[in-house]
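Data block below; observations after.
The values are calculated or read from the model by the stated rules, or taken from the named source; none is laboratory data. All values derive from a computational prediction rather than experimental measurement. In this analysis, Cβ positions are derived from the backbone assuming ideal geometry, glycine residues included, and neighbour counts consider all displayed protein chains.
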Amino acid sequence: MRTQLAPASDTESFAHAVRLLRAGKVIAFPTDTVYGVGAHGLNERAIAQLFLVKGRSRTKAIPYLLASAADLSLVAREIPEAAWVLAHRFWPGGLTLVVPANQQVPKLLTAGGDSVAVRVPNHPVTRALIDSLRAPLAATSANISGGRDPATAEQVLFHLKGRVPLVLDGGPTRGNTPSTVVDVTRDPPIVRRVGVIGIEQLEQVLNRRLFVETGGN
């Protein structure tokens, strides 16, 4: 497979990216953390291809990227009040919420589980892709599983050249600082991973103490 590197700012390149996603293909793109690789989040065949591109075990779930908090209803069976409070404060940005998955979410994506991780990225290209696709984006870092997270389009090519048809180049990203992961399927919510958003910030917004999962990363 030939991999095209194209500027994300180019109108035709962006439109081509959307066409590829709608056709069930996997592409790479910049996010507010690292470069991501993703596929149509409600297309099981596209998600299966994403696992292949990454060399990722099907026992490891893949998260969703959403365009806005309003899209939670597309993938969540129910939305706890804590989810709305945290989303209102920290989205778009470095917060991932684990919510109960609804029947639209393919079991392949959740590795057979009953919850799904979701985030609204603070990057205009990523959110424009999701808006244009009119579906959540199943997405993870644009590398081979176990490899270093890529911060530039050139680093994506090092990992995925010949594996994806298109890499949208949006310039360097900020690097590999992870999002903070909060599981709101539990009450009180559990912090599964501490990242760019600190525990104190979360507790202040929710006005309660939170349990932090030991060894979460």
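Against the numbered list (1) over 22 Å from residue 20 (Cβ atoms); (2) at pLDDT 95 or above, residue 146 comes up short only at (2). Do we find that residue 116 is modelled with pLDDT of 95 or more, crowded, with 21+ Cβ neighbours inside 10 Å and part of a strand (DSSP E or B) in this structure? Spelling it out, residue 116 is indeed modelled with pLDDT of 95 or more, crowded, with 21+ Cβ neighbours inside 10 Å and part of a strand (DSSP E or B). Any residue in the range 139-152 that is over 28 Å from residue 101 (Cβ atoms), among the small types (Gly, Ala, Ser) and assigned to a loop (DSSP other than H, G, I, E, B)? Yes: one or more hits.
Among the residues of the range 95-113, those identified as buried (at least 20 other Cβ atoms within 10 Å of the Cβ) and of a type outside the set (S, T, N, Q) are 95, 97, 98, 99, 101, 105, 109.
Any chance the range 96-109 includes a residue that's within 24 Å of residue 166 (Cα to Cα) and in a loop (DSSP other than H, G, I, E, B)? Yes; the residues of the range 96-109 include at least one that is within 24 Å of residue 166 (Cα to Cα) and in a loop (DSSP other than H, G, I, E, B). Screening the candidates 167, 182, 205, 156 for the property of being among the aliphatic types (A, V, I, L, M), out of contact with any strand residue (DSSP E or B) (no Cβ under 7 Å at 6 or more places or on another chain) and outside any loop (DSSP other than H, G, I, E, B) yields one hit, 205. Residue 151 satisfies every condition listed in (1) of a type in the set (A, V, I, L, M); (2) at pLDDT 95 or above; (3) under 16 Å from residue 5 (Cα atoms) except (2).
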